[in-house]
Amino acid sequence: MKRQMIDMLAELVKIPSDPLSDKQEILDYVQSFTDQIHMRNTLFGDAQAPALLAEYGQSGVVLSGHLDTPPIGDYWSFSQSQIASGRLYGRGAADMKGTIVAMLQAAADLTTRKIPVVLAFTTDEETTMQGAMALSKTLPVRRAKAVVVGEPTGLRVAHAEKGVLDIAIETRGKAAHGAMPHLGDNAVTKMMRIVRGLESFKGRIAHPELGSVTMNLGTFHGGTRLNVVPNKATAEVDIRFPPPYSPDQLYHEIEEHLRRIKTPFTLRRLVAMPSVQIDVASPHIKLLQEISGAEGTVLVHASEAVYYSLVNPRVAIYGAGEEELSHQANEYVKIEAVARATEVFKKYAQRLMTMRLAA
């Protein structure tokens, strides 16, 4: 069984699944396996971002994950699916193909023992999360005894994650010859003042585990030639915030803060996703912690848990792989961690069937 698990993980990692790849290949691979273990497959979404719901029985656990990854990138020391020192390297190994394999292996065992299980897999978590939005509307997800989102938590049970607020800022000026800057109005200089103002924003809310708001200036564009005073500048900022902040609350705080700089700008939202806070005293969380034997943790990045938690309060986040390896060169997952996650998923699904959980 372990050899099959390793082979499946190596094959899955080798299948391209970045935003520019055809997602049908990796979806076909997974669907072929769920067909073999007699699960009922239903596809959602379109060819650009298909999602799969594979069902066996009713009212069991939903094991949820995403099949897509960011691009491989540069500066790798290991080849894709290379195994060294008990680790399998490759893009998506930690985030989160290792956990996908654990879910598939667990489902194979559970269906053999006639224990209900549902797999909810998407192909656009790294981009739009339209797949999770579609799957969250289905009855198996809404009625599940628990929904486990398989993000890389290092085999710890995560109960909170930061939300996302991505914003675009624009400043306008007046073009002029670079030799006569006094005749123009430099939009880049204005944007620099705005960016410096952003750096001083602290936020009014902090979380005991997730801390406070963080910002990343991801893009900055301005000017067309070095001898022309730029008349336009744009910047995009990725903001992560802890519960109980709401995206609206934070947006208005940032706008209010930037207005104090006395520099004209326009602000618009690109992405807004709420944060997630799960009650650690919930029976479904306590059970998963008991079975995994692991301490609790939190995630600084967003996951599809945000959509599932809106329709089902019994959400947990648990998976193989370490969060800090996500999107990095030389990303890897420990093979023993995948095997451990498989056993946890199997025991969790079985124990859930004997529990009465609040709606």
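Brief remarks follow.
- The number of residues in the range 152-177 that are under 20 Å from the mean Cα position of the chain (by Cα), small (Gly, Ala, Ser) and in a loop (DSSP other than H, G, I, E, B) comes to 1.
- Tallying residues that are exposed (fewer than 14 other Cβ atoms within 10 Å of the Cβ), of a type in the set (S, T, N, Q) and either not in a strand (DSSP E or B) or not assigned by TED's automatic domain parsing to the domain that holds Glu170 (or both) within the range 208-245 yields 2.
- A residue that is exposed (fewer than 15 other Cβ atoms within 10 Å of the Cβ), of a type in the set (S, T, N, Q), part of a loop (DSSP other than H, G, I, E, B) and outside the structural domain of Thr297 (by TED's automatic domain parsing) occurs nowhere in the range 257-270.
- Unique match (being in contact with a Lys or Arg (Cβ under 9 Å, 6 or more places away or on another chain), in contact (Cβ under 8 Å) with a residue 24 or more places away in the chain and under 24 Å from Leu67 (Cβ atoms)) among Ala302, Ala294, Ala316: Ala302
- When restricted to residues that are of a type outside the set (D, E, K, R) and surrounded by fewer than 24 Cβ atoms within 10 Å (Cβ to Cβ), the range 317-327 contains 3.
- Residue in the range 37-45 that is surrounded by 12 or more Cβ atoms within 10 Å (Cβ to Cβ) and closer than 25 Å to Gly321 by Cα present: no
- Residue among Gly98, Gly73, Gly86, Gly60 that is closer than 24 Å to Gln24 by Cβ and either in contact with a helix residue (DSSP H, G or I) (Cβ under 8 Å, 6 or more places away or on another chain) or of a type in the set (Val, Ile, Thr) (or both): Gly98
- Taking every residue in the range 114-134 that is over 13 Å from Glu304 (Cβ atoms) and pairing it with any residue that is among the charged types (D, E, K, R), at least 6 positions away or on another chain, the pairs with Cβ-Cβ distances below 6 Å are Val118/Glu55.
- Take the conditions (1) hydroxyl-bearing (Ser, Thr, Tyr); (2) closer than 30 Å to Ala144 by Cα; (3) surrounded by fewer than 24 Cβ atoms within 10 Å (Cβ to Cβ); (4) in contact with an Asp or Glu (Cβ under 9 Å, 6 or more places away or on another chain); Tyr56 misses just one of them, which is (4).
- Test result for Tyr251, part of a loop (DSSP other than H, G, I, E, B) and touching a residue at least 12 places away in the same chain (Cβ under 8 Å): no
- Residues in the range 279-332 that are part of a helix (DSSP H, G or I), closer than 22 Å to Val101 by Cβ and of a type outside the set (D, E, K, R): Leu288, Ile291, Ser292, Ala305, Tyr308, Leu325.
- Scanning the range 37-54 for residues that are within 23 Å of the chain's Cα centre (by Cα) and either modelled with pLDDT of 95 or more or part of a strand (DSSP E or B) (or both) gives Thr42, Leu43, Phe44, Ala51, Leu52, Leu53, Ala54.
- Members of the range 1-36 that are in a loop (DSSP other than H, G, I, E, B) and surrounded by 15 or more Cβ atoms within 10 Å (Cβ to Cβ): Ile15, Pro16, Ser17, Asp18, Pro19, Ser21, Lys23
- Residue list for the range 72-94, restricted to those being free of Cβ contacts under 8 Å to residues at least 12 places away in the same chain and not in a loop (DSSP other than H, G, I, E, B): Ala84
- The range 135-164 residues that are not assigned by TED's automatic domain parsing to the domain that holds Leu325, paired with ones that are acidic (Asp, Glu) (beta carbon under 6 Å, 6 or more apart): none
- Filtered residues of the range 189-207 (kept if assigned to a helix (DSSP H, G or I) and within 28 Å of Gln249 (Cα to Cα)): Lys190, Met191, Met192, Arg193, Ile194, Val195, Arg196, Gly197, Leu198, Glu199
The values are calculated or read from the model by the stated rules, or taken from the named source; none is laboratory data. None of the values given here were measured: they were computed from a predicted structure. Don't worry about glycine lacking a Cβ; one is built from the backbone with ideal geometry, like all the others, and counts go over all protein chains shown.
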